[in-house]
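Report on the following structure.
Please treat every number below as a calculation from the coordinates, not as lab data. In this text the structure is predicted, and so the values were computed from the model without any measurement. For neighbour counting, all protein chains shown are included, and Cβ atoms are generated from backbone atoms with ideal geometry for every residue, glycine included.
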Number of protein chains: 2
Amino acid sequence: MPVSSLVDRYDHVLLDLDGCVWVGDACTDGAVEAVAALRAAGKGIAFVTNDARHAGEDFVRKLWRLGVQASLEEVVTGGGALQFTLAECHAGASAVVIGSAAVHRHVEAAGLRIVNDTAFASRADVVVVAGHDGFDFHELREATQAALRGAHLLGAGRDATYPMPDGPWPGSGAVLAAVETACGRRAETVGKPRPALLQTAL
Amino acid sequence: MPVSSLVDRYDHVLLDLDGCVWVGDACTDGAVEAVAALRAAGKGIAFVTNDARHAGEDFVRKLWRLGVQASLEEVVTGGGALQFTLAECHAGASAVVIGSAAVHRHVEAAGLRIVNDTAFASRADVVVVAGHDGFDFHELREATQAALRGAHLLGAGRDATYPMPDGPWPGSGAVLAAVETACGRRAETVGKPRPALLQTAL
């Protein structure tokens with residue numbers, strides 16, 4: 001499969017994952033062949049996703065399992081963009097985190113101290129918000145109390161939903177809306193279409 | 001304690017609970033005496049709360065425990081207002097519910113069939129949303145999928161937070177914002193300042 005003249009003019013291609021390369025656990029039609037064609041044509045590839053539920057390694061494993069070659073350096077996630085922004089602006093700070101285990105690791109790798117479930121939660125410097133399957137009222141309460149006390153509010157993105165085989169699932173934007181409504185304040189976000197995720201990719 | 005001339009002109013007094021009669025498990029200063037004075041002056045009293053986490057019976061028990069006389073007929077909750085509205089407009093429908101066990105009972109008492117955790121969840125006719133301590137991603141996902149398929153969206157209220165001894169806790173408005181953001185649609189609500197709760201009280 002040759003690359004189209006539209007793509008031929010570019011050296012690098014940024015590919016979304018959910019709904020572009022795959023939906024749930026199945027590749028979209030032609031995705032495997034398209035990525036292979038881009039590689040054969042010598043294009044640089046980055047897989048860019050607002051998804052902050054999984055670590056970069058998880059995405060690499062899934063890409064290979066579905067037949068798509070990828071290296072860890074080529075995968076840029078919402079969690080990676082959070083880490084990039086937090087390391088730049090908030091290293092050494094304390095954080096309350098709404099997010100998966102992968103997001104917790106990104107926050108710690110950025111040099112922050114996670115204070116969820118401690119007496120310091122409501123006095124955290126930063127509240128980090130990413131959608132994940134384990135989201136619950138306890139997380140929302142700790143984030144709300146810290147945000148109301150003036151913590152900086154940083155969200156993975158504003159995606160309302162993401163595609164899954166059984167229909168759309170609520171995304172980071174929905175979870176973030178709960179925190180923003182509770183604390184009456186708007187968050188900074190790093191996901192597409194904000195520049196932080198793409199800066200992380202470059 | 002005599003009632004003030006301001007109150008003397010009215011036959012009925014509607015009292016909020018959270019932040020008015022109590023905060024958490026303690027009465028506000030003078031609340032017990034004020035309610036007793038209203039009774040001594042022959043005023044009709046209703047305790048009106050957007051709180052839909054507990055049943056009316058729970059509020060009556062708590063009022064007595066704190067030294068405030070009250071009967072079940074005098075307590076009007078967010079759950080009661082949901083039941084009133086659902087019984088009027090949606091009896092016989094199927095519902096996905098975000099809410100406490102008390103809200104589930106109100107929805108069933110209104111004549112609806114709750115289909116949470118069944119294969120019919122995403123095809124529910126109505127999505128009912130009330131804040132509660134057990135709120136989690138699974139509830140949010142079922143509500144989102146039903147709302148995206150066109151279910152009627154009914155919320156207990158838009159309170160961003162409610163007062164608790166350790167600071168504000170996220171209210172029904174925060175939970176509702178997550179659902180509304182995920183499905184891209186605004187809900188009908190029954191709580192104050194909407195008329196449904198007060199209609200239920202009268």
For peptide A:81-87, what's the mean number of Cβ atoms from other chains within 10 Å of each residue's Cβ? 0
Length-normalised contact order of the range B:58-165 in % [C-alpha pairs under 8 Å, at least 6 apart]: 25 percent
Ranking B:Phe84, A:Phe135, B:Phe59 by Cβ neighbours within 10 Å, fewest first, what do you get? B:Phe84, B:Phe59, A:Phe135
Magnitude of the Cβ-charge dipole (Lys and Arg +1, Asp and Glu -1) of the protein assembly as shown about the Cα centre, nearest 20 debye, reported as 480 debye
How large is log10 of I(q)/I(0) for the range B:23-122 at q = 0.12, 0.15 Å⁻¹ when the intensity is taken from the Debye formula with one equal scatterer per alpha-carbon? -0.49, -0.67
Positive-end extreme of charge dipole, the range A:79-192 - chosen from A:Ala81, A:Ala109, A:Ala91 (charges on Cβ): A:Ala91
Which part of the range B:164-198 falls in the paramagnetic zone of B:Leu66, meaning amide N under 17 Å from the point 7 Å along Cα-to-beta-carbon? B:164-169
Can you tell me the dipole magnitude for the range B:157-202 around its Cα centre, using point charges on the Cβ only (Lys, Arg +1; Asp, Glu -1), in Debye to the nearest 20? 200 debye
Decide, for the range B:95-202, between rounded, prolate and oblate: order the square roots of the alpha carbon gyration tensor eigenvalues as a ≥ b ≥ c, take rounded if a/c falls under 1.5, and otherwise choose prolate if a/b is larger than b/c, else oblate. prolate
Rounded to 5, the percent of DSSP beta bridges in chain B classed as antiparallel: 15 percent
Partner shielding of B:181-192, taken as the mean number of other chain Cβ atoms within 10 Å, equals 3
5 angstrom amide H check on B:Val13, placed H, neighbours 5+ away: B:Gly44, B:Ile45, B:Ala46
Exposure-ranked with fewest Cβ neighbours within 10 Å first, A:Trp22, B:Trp64 stand as B:Trp64, A:Trp22
Please report the net charge: other residues with Cβ closer than 14 Å to the Cβ of B:Cys27, K and R +1, D and E -1. -3
Considering the convex hull of the alpha carbon atoms of chain A, report its projected area averaged over all viewing directions, in nm², one decimal. 11.3 nm²
Residue-averaged beta-carbon neighbours from other chains (10 angstrom radius) around B:134-146: 6
What does the C-alpha gyration tensor say about the overall shape of the protein assembly as shown? Classify as rounded when a/c is under 1.5, otherwise prolate if a/b is larger than b/c, or oblate. prolate
Per the charge dipole of the range B:105-193 (beta-carbon charges, Lys/Arg positive, Asp/Glu negative, Cα centre), the residue among B:Met164, B:Gly131, B:Gly150 reaching farthest to the positive end is B:Gly150
With Cβ to Cβ distances under 9 Å as the rule, what net charge do the other residues near B:Trp169 carry (K, R +1; D, E -1)? -1
The size of the Cβ-based charge dipole (Lys, Arg +1; Asp, Glu -1) of the range A:1-77 about the Cα centre, to the nearest 20 debye, is 120 debye
Going by how many other Cβ atoms sit within 10 Å of their own, how do B:Ile45, A:Ile98 line up, fewest first? B:Ile45, A:Ile98
